[in-house]
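So the structure is just underneath, and the comments pick up after that.
Each reported figure results from applying straightforward, stated rules to the coordinates on display, with no laboratory input. It should be emphasised that the depicted structure is a prediction, and the values quoted were computed from it without experimental measurement. As a convention, Cβ positions derive from the backbone with ideal geometry for all residues, glycine included, and neighbour counts pool all protein chains shown.
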Amino acid sequence: MTNKIFMLMTLIGVPLSFIGTLMHWSNGILFILYCLTIIALASFMGRATESLAIVAGPRIGGLLNATFGNAVELIISIFALKAGLVGVVLASLTGSVLGNLLLVAGLSFFIGGLKYKRQEFNVYDARHNSGLLMFAVIVAFVIPAVFTLNMSEGKTLTLSVGISSTLIVLYLAALFFKLVTHRGVYQTTNDIDTHDEEEPEWGKWKAIAVLAIATIIVAYISEHLVHTFEFVAESFGWTELFIGVIIVAIVGNAAEHASAVLMAFKNKMDVAVEIAIGSTLQVAMFVAPVLVIVSLFFNQSMPLIFSWPELIAMVSSVLLMVVISNDGETNWFEGLTLLAAYVIMGIGFFLL
Amino acid sequence: MTNKIFMLMTLIGVPLSFIGTLMHWSNGILFILYCLTIIALASFMGRATESLAIVAGPRIGGLLNATFGNAVELIISIFALKAGLVGVVLASLTGSVLGNLLLVAGLSFFIGGLKYKRQEFNVYDARHNSGLLMFAVIVAFVIPAVFTLNMSEGKTLTLSVGISSTLIVLYLAALFFKLVTHRGVYQTTNDIDTHDEEEPEWGKWKAIAVLAIATIIVAYISEHLVHTFEFVAESFGWTELFIGVIIVAIVGNAAEHASAVLMAFKNKMDVAVEIAIGSTLQVAMFVAPVLVIVSLFFNQSMPLIFSWPELIAMVSSVLLMVVISNDGETNWFEGLTLLAAYVIMGIGFFLL
Amino acid sequence: MTNKIFMLMTLIGVPLSFIGTLMHWSNGILFILYCLTIIALASFMGRATESLAIVAGPRIGGLLNATFGNAVELIISIFALKAGLVGVVLASLTGSVLGNLLLVAGLSFFIGGLKYKRQEFNVYDARHNSGLLMFAVIVAFVIPAVFTLNMSEGKTLTLSVGISSTLIVLYLAALFFKLVTHRGVYQTTNDIDTHDEEEPEWGKWKAIAVLAIATIIVAYISEHLVHTFEFVAESFGWTELFIGVIIVAIVGNAAEHASAVLMAFKNKMDVAVEIAIGSTLQVAMFVAPVLVIVSLFFNQSMPLIFSWPELIAMVSSVLLMVVISNDGETNWFEGLTLLAAYVIMGIGFFLL
């Protein structure tokens, strides 16, 4: 069903985006058109990655999912960096973290919880993830913000690059831990039949072709999308911060939202949690540091320094999630708590 | 025993308060007289609420306890708001949170622990409460303090009202979760006989009458009490902050202190924890946001912006409690740790 | 093996230190000579304390370990305080906390984890320690930093002394809890044979003699060591902060590093964790407050006010450790996470 909708959106959205760009339609219409088309293409990229991951086996597959899972966000952010929109990129990273931790997980827990009284997920994974969330957000994001208060720009960038490298190394080590040295070590009984006998939706070459074509189109559209931000900010009365935190984050993560909630509804809470928290970690430990390093090749480099509202929003979300996910159980109320936190932050960023 | 003392305090305190007010006794004497009389009346209100709750059955009863449990504090605060003492009200909310989390729980754990080596309480409730504490204090209280640093007064108030509404909605949802959809779902074996066969102390109408009369007298006294604050601050050399955080909080919560410690001594640790942490949540998620909204009808409205010392004190108390209560077990040393934290904060607020 | 190396280092280092001091060798050479000699002497003091502790039985022995365990650090710090180097002392306390929590524990978990897939330690002790870490760092260190922002110097010192006294009282209470009222209460099955049938390495009088002589020499060298700091800072381009956080902390804790890692390698994870976290608590709850009180007798008194980078580094380390140690299990990746956090903070303090 959703696949058909996304197919339709692609078939209409891609040609219209090309035509609209060439004919210089109004920025407001282009902004909406670009956003919807990217959401549709992102779903194709997700399915292609998924198929490739199954074909490639669990180890390489896990690596593929972990690197291409947030490809759309990475592409949009690179074009935004190229256009000098450092603030928007940092805001959209924040938005991704908040969106995955509070909105995706919150909706999954809430909607899953309407159907089931108590839902369980692998408590070992939850604790492993909690440690990484603490490391990425509370150590790697907060330390530079405090340490660079009176630091020169050069040293700030040195610190940012040092921390970014550490994040990437630890992210790769986490994959090695999960896919090689400790694969299956922390499995609980109800994990065993979940991941069995998966069939890839598409063959290897079809998946690669879809991935390649969709990526190229997303890149083309993203380059034009970032130039509509300024106009949208002005005419809607939104700040660039709000566009980054809420809009870019939702466009970049729409596909994940849908599949996480679906998994929760099927009582596959392990998968839902993996999508929500795994995606958060990917953004914080891979996308963000890669962008810092990529930005060194552009005119304006991006230090890993979030604004205080961004930082406090991420820190409090992580602490909330660590406490809520600590017992490996969810219910509708825990979902509602996460959603309520998202609402509060949404109001805050809107008013900022 | 304590009941007789409170009866005596009421029989002496209420007429003396009326006479003293009319005859304009010295503010210092009136302050002490008002405080003691309110403590005594609060115990009657607590017993009346308890009786009504048993008569009404667990659902409506839980709701009654959850709304009238901090009625005295709500009444004093409303009169303080009316008199424009916004700072004192925020300080007394802080004091309630600290008092319940550190002093009430600390004393319960400590004194209970002198008698029993290890005491247990429902670990599911503890985790549910931990999530709510994180939400209320770390999300809902910290976010506005950081986000409004450079915000206009109007937007600050909008954000405060938005957060307050979210808090109240989530508080009601928490009651619905606990009393309706998940009642008994997370019960442990030693919960079962605890709440059985309770007999109300008073009949329905007697309880309503006691509650109504005590509430009216408390309201009358509170109105005069708040006008003695300025004088007390001056002559004792206390800041309004200290009066709010320590004095008002102790007066408003004296009855809870007594009953929580008593329950701990009877090894009913579930009830003691429920009083201490339940009361904290009620203040943070119900009393505080209601006061923000009520204040809109007064001359001076109260934004949900605590001072940094208040905020840090609450945040560190919540983190300490979450870590200590996480395992569902207590001993005398955990109680002493909470009390030591209270002592540190007491010294801090005194010197501020 | 290591014992022989330390013996050699002592036999060469002590005379050379005396000669070098008298002959006014260059500060750079003296600095390195002093550091190495103190590391060697510290290992003798550790073995002497250990022997005395076994002779004295578990209660008095526990007390001995808890007070003399960080004697070297205490001695160096007292001479630094006497020389007015308040900033270096606070930095070296920070460095001890970070070094023990991140470097010692991180190396133990990592190296132990290379040999064993999963290593366990007593989860009750871990939770007990987590509560104390939260209390010491998040309550007792953060509160004064925030509360004294607009406070007079006199009140700041009063608050520091009040908090320091509370810390020492709670530290003694923790020893009483562990060694007297709750000894063996929280034992798990694999604890039982660990601490059996220990033989002291040295007799009572030999141990006392070694402890006394080594202490006197360490004191002599420390007095001269602190005067080389200024020179080292200048010629190496290091800040005094970096010297305190990284260098002094490593010199003061080298012996603990070695033995914790050795224990982890022998799969005695309980002992390794006890060394790392126990030593952190000793620094935060005993060494730091004792130094505050001792400083009152010197020209320049030391308030318990850490700088913001120091504070944030300690707070995020504690939160990370609490989350990681919460389940009573370790693996190589958890060790690597702690080490990565240490690297980030090391870069930060170097650039500061």
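With its label point defined 7 Å out from Cα along the Cα-to-Cβ axis, A:PHE265 lies at 5.6, 5.6 nm from the matching points of the other copies, in increasing order. Taking Cα centre as origin and charging only the Cβ of basic (Lys, Arg, +1) and acidic (Asp, Glu, -1) residues, the dipole magnitude of the protein assembly as shown rounds to 60 debye.
With contributions of -39500 (n - 2.57) from each DSSP H run of at least four residues, the per-residue ellipticity at 222 nm computed over chain C stands at -24000 deg cm²/dmol. Distance from the alpha carbon centroid of the range C:260-287 to that of the range A:33-53 works out to 49 angstrom. The Rg/Rh ratio for the range C:287-336, using Cα coordinates for both the radius of gyration and the Kirkwood hydrodynamic radius, is 1.21. The calculated pair-distance distribution of the range C:231-352 uses every alpha carbon pair, bins of 10 angstrom beginning at 0, and gives 10, 36, 37, 14, 2 percent.
Counting Cβ atoms of other protein chains within 10 Å of each residue's Cβ and taking the mean over peptide C:268-274 gives 0.
In this simple spin-label approximation, C:ILE213 and B:LEU296 carry label points 7 Å from Cα along the Cα→Cβ vector, and these lie 8.0 nm apart. For the range C:214-219, the Karplus equation 6.51 cos²θ - 1.76 cosθ + 1.60, evaluated at θ = phi - 60°, returns couplings of 4, 4, 5, 5, 4, 4 Hz by residue, with Gly and Pro reported as x. Mind scanning C:LYS4/C:LYS178; A:LYS4/A:LYS117; A:LYS4/A:LYS206; C:LYS4/C:LYS266 and naming the pairs with a C-alpha gap bigger than 23 Å? As for pairs spanning more than 23 Å Cα to Cα, those are C:LYS4/C:LYS178; A:LYS4/A:LYS117.
Take each residue in B:130-142, count the other chain C-beta atoms within 10 Å of its C-beta, and the mean is 6. When each of the peptides C:25-35, A:221-231 is scored by how many other beta carbons lie within 10 Å of its residues on average, the order from highest to lowest is A:221-231, C:25-35.
Considering only C:SER316, C:CYS35, C:ILE246, and ranking their Cα positions along the charge dipole of chain C that arises from unit charges at the beta-carbon of Lys, Arg, Asp and Glu, the one farthest toward the positive end is C:CYS35. Springs between alpha-carbon pairs under 10 angstrom, Gaussian network model over chain A: which of A:LYS155, A:LYS266, A:LYS115 fluctuates most? Comparing A:LYS155, A:LYS266, A:LYS115 in a Gaussian network model of chain A, the most mobile one is A:LYS155. The local environment of A:ILE60, defined by Cβ-Cβ distances under 14 Å, has a net charge of +3 under the rule Lys, Arg +1 and Asp, Glu -1.
Of all lysines in the structure, the ones whose alpha carbon falls short of 23 Å from that of B:LYS155, not counting any fewer than 8 places away in one chain, are B:LYS82.
Measuring r between the beta carbons of C:SER26 and A:THR239 and using R0 = 45 Å, the FRET efficiency lands at 0.15. Between copies, the label points of A:GLY154, set 7 Å from Cα on the Cα→Cβ line, lie 4.7, 4.7 nm apart, reported in increasing order to one decimal in nanometres. Once the chain from C:LYS4 to C:PHE231 is taken as fully extended at 0.36 nm per residue, the excess over their C-alpha distance is 78.5 nm.
Label-point spacing for A:VAL169 across the identical copies (point 7 Å from Cα in the Cβ direction), in nm and ascending order: 4.6, 4.6.
From the square roots a ≥ b ≥ c of the eigenvalues of the alpha-carbon gyration tensor of the range C:121-241, which class results: rounded (a/c under 1.5), prolate (a/b over b/c), or oblate? Cα axes put the range C:121-241 in the oblate bin. Structure remark: mean-square fluctuation, Gaussian network model of chain A, C-alpha springs under 10 Å; the largest value among A:ASN65, A:ASN253, A:ASN299 belongs to A:ASN299.
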